[in-house]
Structures are given as structure tokens and as C-alpha cells.
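Visitor: Input: one structure, supplied below.
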Amino acid sequence: MNRSVEIVAERREEEKDDEPPNPLPLGKGYVSFEEISEVSGLSVEEIREIDRVYPVKVSRHYFSLIKEKDDGIYRQCIPSFEELGDETGEHDPLREESCNSNTPESVIHRYPDRLVLYVSNHCAMNCRFCTRKRKVGDSEKHNTSLEEISKGLDYIRNHEEIRDVLLSGGDPLMLSNKRLESIIKETREIPHVEIIRIGTRVPCSEPERISQELCDMLKKYHPLYMNIHFNHPEEITPESEKACSMLADAGIPLGSQTVLLRGVNDTPKIMKKLMQKLLKIRVRPYYIYQCDPIEGTRHLRARVETGLGIIEGLRGWTSGLCVPHFVIDAPGGGGKIPLLPEYVLSIDREKVVLRNYENKEFEYIQVD
Ligand SMILES: *Cc1c(COP(=O)(O)O)cnc(C)c1O
Ligand code: SF4
């Protein structure tokens, strides 16, 4: 069987367990290993070798954005032997698995008033730098079975301090509308849950999935927010623009999450272009993440100074709306820690000495 057919079949198979099959078109599907072989020069057998360790999957839409070998789009989706050669990273640096000891498998509860509920193991593409690189695409992990999700919902019901629920995965928008709606509806019915958030890459990686039917369903459950994963200006296409405008028209405030990646978006110029293009499609930049030290991602990780330089290159030089928070998701499970270039030169009882974006100094006199 052709690999793309296989994946679709796999997805159908998984859904057969508990819910009716996805009634929506699955987009234009996924590229075959033969096609990946053509652009990469790797043989199909070599791609299979990498796929056995870190599953390979690229949506046809995302693949069509590659302009040349090793460009910013290519590096995110096409496997490389550098992944197998990397022994520097960790398997689960954020301790997502171990921090789950008192919670159901589908829940990551790290902050006082909000948590992540895992609802899907699948994505429209398997990003080569993914934090859940081994987990995504692995159908043997059962934390997204209906039973595990129900346990997660019970956990939320029993924890009245949870006012913000983030649906994540994998990608929640890989679920059928029906299954997604049942999860959102149950979450919405919990009285102490104030807001629901969906973290997704689908408007970028498989924008055809965003249908009017999906938007009409989502807008019944406001306040609902969506954070979309975008990493490169070329990901903003007429298709992703249309998907985002349908979501925004459904009243969903859209944010972006970007991972800082070497050879993809590790210059202020590319990041500025990305952030400006996001605002044009009504997506407000929210986070830039330092890439997690996951095994198999060394060739894609940039240094922290690079991220600080990018914030420095944005703040003041372009709209404040274009400037996301630069964060490191602390290895060891400490949550997201913000990093800022230093703008405070000194601070004492009388005054604060500051510098602005152009490196000019200013004084602010304090109250007693
Ligand atoms: C990122 C994240 C959140 C949400 O963090 P915000 O800063 O509120 O966007 C919540 N829980 C976990 C485990 C997270 O990783
Ligand atoms: S879309 Fe997100 S969760 Fe899915 S593979 Fe990419 S980085 Fe990982």
C-alpha cells in the first residue's frame, strides 16, 4: 500500500474504535516516501529507517511550499540522518510524562489555574523538531482514547481551580468534528471552566480542514481561543489566510506560537516578516519558544542569544503587536520562563536608568 493511503487508513482505523469516521475531507492527503525521496535524495529505505525512530509524515499542502532543498519549509518537514546522529537531547526534557503521576495520562497540570488536555496523537505533519517527536504519530500510545479523555474531564470537574483548559496533542483539529465537539461541549459544561483554548498547526499545515461547518461548531462554545503554530513567512499562503479568516470571522481570537529553529527562522529579518504577515491575517503573535532539547533535534536548535537578538530586533522597530514573548519551557518541568533583552541599566532608590531600542539612555525618577 502507498504510504499516504496507509496513513489515511490508519486514521480511519483509529476512529473506528470509538467514533464515526471523519466526515470531512482529509485535505489533499499526504505525500508518499517516494516523493520525499525525490526532493531529499534519501532512498525510500533510508526514509523508512528514520521513520522507524521518528515517524515521517508530510501533508501535501505543506510539501507544496518547499521551494528548494534545505529551505525553511524543507527543514521542518523532511527527515534527515542528522536526527539519528544526535545523542545530545533528552527523551522527555519537560518531564511531561513523569509530572503526570497524580493526574490522568491525558492531563498535564503544571500551573495553578490551567492545564493541558491531550486529545489527539496525530498531526497533519510530523515536524522534525517536535517536542513530542516520539509520541506524535504513534498509535500505540493510548492517552487519547475516549476513556483517557473522560478521565481527564473528570479530573477537571474535580479541580475547581481550573478555569482555562487547553486542548492539545498532537493536533485537536485532526479529530472529526463530532468527536472534537463532544470534548469541547463537555469541557464547556464544567461550571468553573472559563475559557477553552485549542493549540493547533492545522490552519498552517492542512488549511483545507478548516471548513465552515467546523467554524460554526466552534463558535457555539465561546469564549474559545486558538493558538496556531506558524514558523516561517512562506507558511502564510492564500489557503492559510482563508482558514484564519474563517476562524477569526467565527469570533475566535487567534494567537501564534513559533519555535525558534536554526536555518528556518533564526534571523530578526525573517521573524519580523513572519510576525507582520501574521498580523495581516489577524493572528496575534503570542510566543516564540526556544526549541526544547529533544533528542534528534540538535541540527534544528538555535542558541538562546539568537532568540534574544530577535526580540531586540522586533521591539521598537515594528508594531508592539508583532512582538511575542520569548520563552524557554524549562527542562525539568518548570513551565515557560520569559526572557527579555536587558533594558534596565541600573535601578536604585532615586532613579532607573534605561536604554531604548536604539540603545539611547534615559532616566526615570522614582517616587520616594
Ligand atoms: C504552555 C502551557 C500552558 C499554558 O501556558 P500559558 O502561558 O497560559 O499560555 C499550560 N499548561 C502547560 C503544561 C503548558 O505547557
Ligand atoms: S504540529 Fe506540533 S505537535 Fe504536531 S508534530 Fe508539529 S510540533 Fe509536534
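The values are calculated or read from the model by the stated rules, or taken from the named source; none is laboratory data. Values in this document were obtained by computation on a predicted structure and should not be read as measured data. Neighbour counts run over all protein chains shown; Cβ positions are idealised from the backbone, glycine included. These accessible areas exclude ligands, DNA and RNA; they are computed on the full protein's heavy atoms, side chains included. Shrake-Rupley method; radii C 1.70, N 1.55, O 1.52, S 1.80 Å.
Visitor: Go through the residues of the range 344-352 one by one and say whether even a single one is touching a strand residue (DSSP E or B) at 6+ places or on another chain (Cβ under 7 Å), within 16 Å of ligand 1 (Cβ to nearest atom) and farther than 18 Å from PRO285 by Cβ.
Guide: No, there is no match, as no residue in the range 344-352 is touching a strand residue (DSSP E or B) at 6+ places or on another chain (Cβ under 7 Å), within 16 Å of ligand 1 (Cβ to nearest atom) and farther than 18 Å from PRO285 by Cβ.
Visitor: From the set of residues in the range 332-356 that are assigned to a loop (DSSP other than H, G, I, E, B) and open to solvent by 80 Å² or more (accessible area, probe 1.4 Å), which is nearest to GLY89 (Cα to Cα)?
Guide: LEU340
Visitor: Mind listing whichever residues of the range 210-261 are more than 20 Å from the chain's Cα centre (by Cα), open to solvent by less than 20 Å² (accessible area, probe 1.4 Å) and either within 16 Å of ligand 2 (Cβ to nearest atom) or charged (D, E, K, R) (or both)?
Guide: The answer is none; no residue qualifies.
Here's the yes/no breakdown for (1) in contact with an Asp or Glu (Cβ under 8 Å, 6 or more places away or on another chain); (2) within 30 Å of SER64 (Cβ to Cβ):
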site	(1), (2)
ASP164	yes, no
ARG179	yes, yes
ILE184	no, no
VAL202	yes, yes
ARG209	no, yes
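Visitor: Select from the range 264-279 the residues that are touching a Leu at 6+ places or on another chain (Cβ under 9 Å) and open to solvent by 40 Å² or more (accessible area, probe 1.4 Å) and write down the one among them that is farthest from HIS229 (Cα to Cα).
Guide: Only one residue tops the list, namely PRO268.
Visitor: OK, next. So for the range 152-160 (the condition being within 16 Å of ligand 2 (Cβ to nearest atom), open to solvent by less than 50 Å² (accessible area, probe 1.4 Å), in contact with a helix residue (DSSP H, G or I) (Cβ under 7 Å, 6 or more places away or on another chain) and at pLDDT 95 or above), does at least one residue qualify?
Guide: Checked the range 152-160: no residue is within 16 Å of ligand 2 (Cβ to nearest atom), open to solvent by less than 50 Å² (accessible area, probe 1.4 Å), in contact with a helix residue (DSSP H, G or I) (Cβ under 7 Å, 6 or more places away or on another chain) and at pLDDT 95 or above.
Visitor: Look through the range 49-74, keep the residues that are basic (Lys, Arg), out of contact with any strand residue (DSSP E or B) (no Cβ under 7 Å at 6 or more places or on another chain) and within 17 Å of GLU34 (Cα to Cα), and return whichever of them is most open to solvent (accessible area, probe 1.4 Å).
Guide: Only one residue tops the list, namely ARG52.
Visitor: Could you please let me know if TYR54 is within 15 Å of CYS123 (Cα to Cα), at pLDDT 95 or above and within 20 Å of the chain's Cα centre (by Cα)?
Guide: No.
Visitor: Quick one: in the range 310-330, of everything that is open to solvent by 30 Å² or more (accessible area, probe 1.4 Å) and either in contact with an Asp or Glu (Cβ under 7 Å, 6 or more places away or on another chain) or closer than 12 Å to LYS272 by Cβ (or both), which residue is nearest to ligand 1 (Cβ to nearest atom)?
Guide: Top of the filtered list is ARG315.
Visitor: Also, quick follow-up: Which of the following residues is hydrophobic (A, V, I, L, M, F, W, C) and within 30 Å of ASP249 (Cα to Cα): LEU300, LEU278?
Guide: LEU278
Visitor: Restricted to the range 109-125, and to residues that are open to solvent by 10 Å² or more (accessible area, probe 1.4 Å) and within 15 Å of ligand 2 (Cβ to nearest atom), which residue is nearest to ILE78 (Cα to Cα)?
Guide: CYS123
Visitor: Kindly evaluate THR88 against the criterion of being modelled with pLDDT under 95, within 16 Å of ligand 1 (Cβ to nearest atom) and either open to solvent by 30 Å² or more (accessible area, probe 1.4 Å) or in a loop (DSSP other than H, G, I, E, B) (or both).
Guide: no
Visitor: I would also like to ask the following. Hey, could you check the range 286-303 for residues that are surrounded by fewer than 20 Cβ atoms within 10 Å (Cβ to Cβ) and among the hydroxyl-bearing types (Ser, Thr, Tyr) and say which is farthest from ligand 2 (Cβ to nearest atom)?
Guide: Among those that are surrounded by fewer than 20 Cβ atoms within 10 Å (Cβ to Cβ) and among the hydroxyl-bearing types (Ser, Thr, Tyr), it is TYR286.
Visitor: Moving to a separate point now. If a residue has to be surrounded by 14 or more Cβ atoms within 10 Å (Cβ to Cβ) and among the acidic types (Asp, Glu) to count, how many in the range 24-48 make the cut?
Guide: 2
Visitor: So, in the range 112-123, of the ones that are closer than 9 Å to GLY170 by Cα and outside any strand (DSSP E or B), which residue ends up modelled with the highest pLDDT?
Guide: So the residue we want is CYS123.
Visitor: In the range 192-208, what count of residues is obtained for those that are in contact (Cβ under 8 Å) with a residue 40 or more places away in the chain and either among the small types (Gly, Ala, Ser) or open to solvent by 10 Å² or more (accessible area, probe 1.4 Å) (or both)?
Guide: Qualifying residue count, the range 192-208: 4.
Visitor: Among (1) closer than 19 Å to PHE230 by Cα; (2) within 16 Å of ligand 1 (Cβ to nearest atom); (3) touching a Pro at 6+ places or on another chain (Cβ under 8 Å), which single condition is TYR289 missing?
Guide: (3)
Visitor: Sort out for me the helices (runs of 4 or more DSSP H) sitting completely within the range 129-247 that have 3 or more residues that are out of contact with any Cys (no Cβ under 8 Å at 6 or more places or on another chain).
Guide: Filter on the range 129-247 gives 146-157, 177-188, 212-218.
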